[in-house]
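Below is one structure, written out as C-alpha cells, with a few remarks after it.
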Amino acid sequence: MKFGINTYLFSSPFTNESTSFFPQFKNWGFDFVEIALEDPANIDPVLVRKALNDSGLECRSVCAATGPGRDLRGTRKDQVTAIEYVEALVRIAPVLGSKLVAGPIYSAVGRAELVSDDEKRRQWELVAGNLKVLADFAAKHDVKLAIEPLNRYETDFINTCDQALRMIETVGSDALQVHLDTFHMNLEEKDPALAIQKAGNRLGLLHASGSDRGTPGGDQINWDRIFAALDRIHYPGDIVIESFTPDVKVIAKAASIWRQVEPSREAIAVEGLRFLRSLAF
C-alpha cells in the first residue's frame, strides 16, 4: 500500500511551477503525488516527470477537474469538451508515470437538480455511451478510469458506490474502476466499510479525507472499519490524502471551504500521513 497527496491542497491550477512542492512532499514521507490537472496545457509533462524523478516521487494517479463546460450529460459542446479533456489526461498520464485517471468524469461538479425518471434514464444512457468511448480510448493507452461518487450537494448523478458499480456494469469495460472518497461516503453511504467491500477488486483508488474535509484521523469517521474493509478485499491500491484549506482560493470556493478547519496545510499532510500509516496492514 502506498500513500500519496493530492496537489489541490497546495496548488490550483497545477502548473510547471507547482513542482516546487515535490521535495517537501518527499520529506514528509509521501510515496507519490496525485496531480490534479485542471488544464493539460498548463504543464510540460516531461518536465513534471523529471521533477518527480528528481524528488524520488511517483505520480500514480491523475485527478480530473470537471467543472462547468465539461459534462458527459450536458450539451453536445459540453460532452465533446469533456471527452477531449479526459482523453488529454489519458495521453498525459503515462508520460507522468501514471496508469490511472480518476474523479467524477461523468458530469460537471456542482450540477445537482431534480429531474424526472425518464430524464434520469436518458442521462444515464448518454453518460454510459460517452464513458464507453473514453474507456475504449483509455484501454488503448493501458490506462484505467476510476469514477468517483460525490455527495448530493455536488452532483445528483452518482452519489454511491452501488451507482458507480451499476454504471460500470452498464458500460461493460474492464478499463473502468471505482474511486471512493471517505468524505463523500460519510455523507452518502449507509456503511462506508460495506461500500468498500462491494467495490472489491473494482476499487481503483481511495481518497482519505476527514468528515469535515480536514485531517484523516481527527474526525468522526470509523477509520478502523475502513482499513478492515480494505484488508478484507486485499486492496492493493493507493490511498491519497485529499483535503482543502482557504489558502488555495479557487478550490476553496469550489469545495465550500469557508473556514480554517485545521492549523495548516502541513498539519493536514504530516498528521494525516502519520495516522494512515499507523493503520496500514
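The values are calculated or read from the model by the stated rules, or taken from the named source; none is laboratory data. None of these values were measured; they are calculated from a predicted model. Cβ placement follows ideal geometry from the backbone for every residue including glycine, while neighbour counts extend to all protein chains displayed.
Looking at the structure I just gave you, is I251 at pLDDT below 80, under 17 Å from the mean Cα position of the chain (by Cα) and either buried (at least 20 other Cβ atoms within 10 Å of the Cβ) or within 21 Å of G29 (Cα to Cα) (or both)? Answer is yes for this residue. Give the residue that is farthest from Y85 (Cα to Cα), with candidates limited to residues of segment 23-53 that are touching a residue at least 24 places away in the same chain (Cβ under 8 Å) and among the charged types (D, E, K, R). Of everything passing the filter in segment 23-53, K26 is farthest from Y85 (Cα to Cα). Going by the conditions given, is V95 in a helix (DSSP H, G or I) and touching a Pro at 6+ places or on another chain (Cβ under 8 Å)? Yes. Among the residues of segment 263-281, those that are within 26 Å of A228 (Cβ to Cβ) and part of a loop (DSSP other than H, G, I, E, B) comprise A280, F281. Taking the stated definitions as given, is G172 surrounded by fewer than 16 Cβ atoms within 10 Å (Cβ to Cβ), at pLDDT 95 or above, more than 27 Å from Q260 (Cα to Cα) and among the small types (G, A, S)? When the stated conditions are applied, G172 passes them. Between L52, L47, L37, the distinction of being aliphatic (A, V, I, L, M) and within 30 Å of D231 (Cβ to Cβ) belongs to L52 only.
Going by the conditions given, is S18 touching a helix residue (DSSP H, G or I) at 6+ places or on another chain (Cβ under 9 Å) and either at pLDDT 95 or above or assigned to a strand (DSSP E or B) (or both)? Spelling it out, S18 is indeed touching a helix residue (DSSP H, G or I) at 6+ places or on another chain (Cβ under 9 Å) and either at pLDDT 95 or above or assigned to a strand (DSSP E or B) (or both).
Restricting to segment 45-67, name every residue that is touching a strand residue (DSSP E or B) at 6+ places or on another chain (Cβ under 8 Å) and part of a loop (DSSP other than H, G, I, E, B). Result: L57, A64, A65, T66.
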